[in-house]
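Below is one structure, written out as structure tokens; comments come after it.
The values are calculated or read from the model by the stated rules, or taken from the named source; none is laboratory data. In this text the structure is predicted, and so the values were computed from the model without any measurement. Backbone-built Cβ (ideal geometry, glycine too); neighbour counts: all protein chains shown.
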Amino acid sequence: MNRVLIIGAGGVGNVVAHKCAQVKRVFSDIWLASRTQAKCEQIRRDVRRITGRTLSIAQVDADNVAETVRLIRRVRPNLVINVALPYQDLSLMDACLATGVHYLDTANYEPRDEAKFCYKWQWAYRRRFTEAGLTALLGCGFDPGVTNVFCSHAATHLFDSIDTVDIVDANAGSHGHAFATNFNPEINIREITQRGKYFEKGKWVVIPAMSLHHSFHFPEGIGPKEIYLLYHEELESLARNIKGVKRLRFWMTFSENYLTHLRVLQNVGMTRIDPVTYQGRDIVPIQFLKALLPDPASLAKTYSGKTCIGCVIEGTRNGKRRTCFVYNICDHAACYREVNAQAISYTTGVPAMIGAMLMLTGQWLKPGVWNTEEFNPDPFMAALNTHGLPWKETLPKKGFTGFLR
Ligand code: NDP
């Protein structure tokens, strides 16, 4: 029997709970715990209505290691799936070490007082997890997560050597609000207001935020979209794990409307992460902004359109140069029909369930702290096709990558 404890009852936690419930032979017992128990109750009602299965639920403050340890000892799971916020990564890893339980997350640790995400804090747990015989799987959402596996799949099956990877992430959907973010607003805005950064010839190149952009033609009817260079966390692990890679970049689409709102919010100080005193009490502007913006999960009901996330990979095979595009297309409305979610939550929650399934069935289990590209990509790629995120790989016509050269 396998028991999982999912922590975090937001947009992604909802998808993970539904998708685990769909795979009863692996996830025979599912617990969901979060800071606000009412959100767990709502997800439990939805999962019961749609799948007929009943989750167990609990309240927990995952910043509090002792409280989380007590919960883990009570539940006795085989695995903790962390889909709370990046702030909780280290406290949850500590709680897993204290209780002897495997760990999985979808986003790397970020200190609250500094908008700086990187793996150094979590990679520092490698020795402790190895000595405890436990596995920690980091960044098992879509990007990071699936994008890393697309690269290891390409390195295994499509190329003898990889020279460049350009990860492209398009949300061509429409939610009908003037401005909203597709996952936690605080985490999302902290990420995209950072300076751009990419890896080239063994070094990191830093550029002003949103200063490099191009039009990119997305497949399957999405068409041309403006993509902007961002720093994204999978670049850090891929730079270590793709041997001999010369350049790694990450690009995301933004509309003019989105960027205008963001610019105004930044200019007036609403994206600040340091406390300011207002009427005698300290408030953090970005946290106040989060309270004003729509809850990302609430966008799902009326969201239409598609996402496309994939990797444009260049390198050589049998002495010849080639370019491959490995990608997934996901439809917002179809996600809502299946699990009451929009596509950004769905594309994050499904890979988390798949990673958990591979850990619980022993296929992705080895003591230590790992990123997804460090495991055999084949069972993961196969599971994407059967659990709602089918992928395609194309050898595009000449000229496809255009500016990417
Ligand atoms: P939400 O804000 O919708 O949900 C986060 C949930 O975590 C909320 O239910 C929140 O509780 C809960 N939570 C926050 N703090 C604590 C705490 N101290 N103890 C217990 N529970 C807590 O976020 P999303 O669902 O959109 O995102 C979840 C994670 O997924 C984030 O880490 C995000 O960065 C990551 N992500 C990864 C992606 C990928 O492709 N790899 C893409 C998108 C997201 P409350 O309801 O009380 O606020």
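Brief remarks follow.
- When each of A352, A356, A343, A334 is tested for being within 15 Å of the ligand (Cβ to nearest atom) and within 19 Å of I50 (Cα to Cα), the lone residue that passes is A343.
- Tallying residues that are surrounded by 24 or more Cβ atoms within 10 Å (Cβ to Cβ), on the phi < 0 side of the Ramachandran plot and near the ligand (Cβ under 8 Å from one of its atoms) within segment 1-12 yields 4.
- Qualifying positions in segment 7-24 - of a type in the set (V, I, T) and under 16 Å from the mean Cα position of the chain (by Cα): I7, V12, V15, V16
- Any hit, segment 326-337, residues being of a type in the set (D, E, K, R) and surrounded by 16 or more Cβ atoms within 10 Å (Cβ to Cβ): yes
- Any hit, segment 386-400, residues being more than 16 Å from the ligand (Cβ to nearest atom), among the hydroxyl-bearing types (S, T, Y) and at pLDDT below 95: yes
Yes or no, residue by residue, for (1) in contact (Cβ under 8 Å) with a residue 12 or more places away in the chain; (2) out of contact with any strand residue (DSSP E or B) (no Cβ under 9 Å at 6 or more places or on another chain); (3) surrounded by fewer than 21 Cβ atoms within 10 Å (Cβ to Cβ); (4) among the aromatic types (F, W, Y):
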{"site": "I189", "(1), (2), (3), (4)": "yes, yes, no, no"}
{"site": "F199", "(1), (2), (3), (4)": "yes, no, no, yes"}
{"site": "F218", "(1), (2), (3), (4)": "yes, no, no, yes"}
{"site": "P224", "(1), (2), (3), (4)": "no, no, yes, no"}
{"site": "Y228", "(1), (2), (3), (4)": "yes, no, yes, yes"}
{"site": "Y231", "(1), (2), (3), (4)": "yes, no, no, yes"}
{"site": "G244", "(1), (2), (3), (4)": "yes, no, yes, no"}
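- Pairs where the first residue, in segment 20-44, is closer than 15 Å to T361 by Cβ and the second is more than 16 Å from the ligand (Cβ to nearest atom) and part of a helix (DSSP H, G or I), C-beta under 6 Å, 6+ apart: V26/M357; V26/L360
- The helices (runs of 4 or more DSSP H) falling completely within segment 231-316 that include 1 or more residues that are under 17 Å from F150 (Cβ atoms), under 18 Å from the mean Cα position of the chain (by Cα) and among the polar types (S, T, N, Q) map to 234-241.
- Residues located in segment 216-261, provided they are modelled with pLDDT of 95 or more, aromatic (F, W, Y) and out of contact with any helix residue (DSSP H, G or I) (no Cβ under 7 Å at 6 or more places or on another chain): Y228, Y231, W251
- Test: residue in segment 13-35 that is within 14 Å of the ligand (Cβ to nearest atom), surrounded by fewer than 21 Cβ atoms within 10 Å (Cβ to Cβ) and more than 25 Å from N148 (Cα to Cα): yes
- Selection status of A155, away from the ligand (no atom under 14 Å from the Cβ), in a loop (DSSP other than H, G, I, E, B), within 22 Å of the chain's Cα centre (by Cα) and not basic (K, R): no
- Among the conditions (1) within 14 Å of the ligand (Cβ to nearest atom); (2) at pLDDT 95 or above; (3) acidic (D, E), the only one that D160 does not satisfy is (1).
- Residues in segment 323-372 that are polar (S, T, N, Q) and touching a residue at least 40 places away in the same chain (Cβ under 8 Å): T323, N328, N340, Q342, S345, T347, T348, T361, N371, T372.
- The residues on offer are N108, N78, N82, and the sole one that is farther than 25 Å from N188 by Cβ, touching a residue at least 24 places away in the same chain (Cβ under 8 Å) and of a type in the set (S, T, N, Q) is N78.
- R281 being under 24 Å from Y327 (Cβ atoms), without any contact (Cβ under 8 Å) to a residue 24 or more places away in the chain, surrounded by fewer than 16 Cβ atoms within 10 Å (Cβ to Cβ) and in the same structural domain as S211 (by TED's automatic domain parsing): no
- Residue in segment 174-193 that is away from the ligand (no atom under 16 Å from the Cβ), assigned by TED's automatic domain parsing to the domain that holds I286 and within 25 Å of E374 (Cβ to Cβ) present: no
- V75 satisfies every condition listed in (1) surrounded by 18 or more Cβ atoms within 10 Å (Cβ to Cβ); (2) more than 19 Å from C20 (Cβ to Cβ); (3) more than 12 Å from the ligand (Cβ to nearest atom) except (2).
- Selection status of T271, touching a Leu at 6+ places or on another chain (Cβ under 6 Å), at pLDDT below 95 and surrounded by 14 or more Cβ atoms within 10 Å (Cβ to Cβ): yes
- For segment 45-71, the set of residues classified as in contact (Cβ under 8 Å) with a residue 24 or more places away in the chain and away from the ligand (no atom under 13 Å from the Cβ) consists of D46, V47, I50, T51, R53, L55, S56, V69, listed by residue number.
- Any hit, segment 129-142, residues being in contact with a helix residue (DSSP H, G or I) (Cβ under 7 Å, 6 or more places away or on another chain), in a helix (DSSP H, G or I), among the acidic types (D, E) and farther than 26 Å from Y346 by Cβ: no
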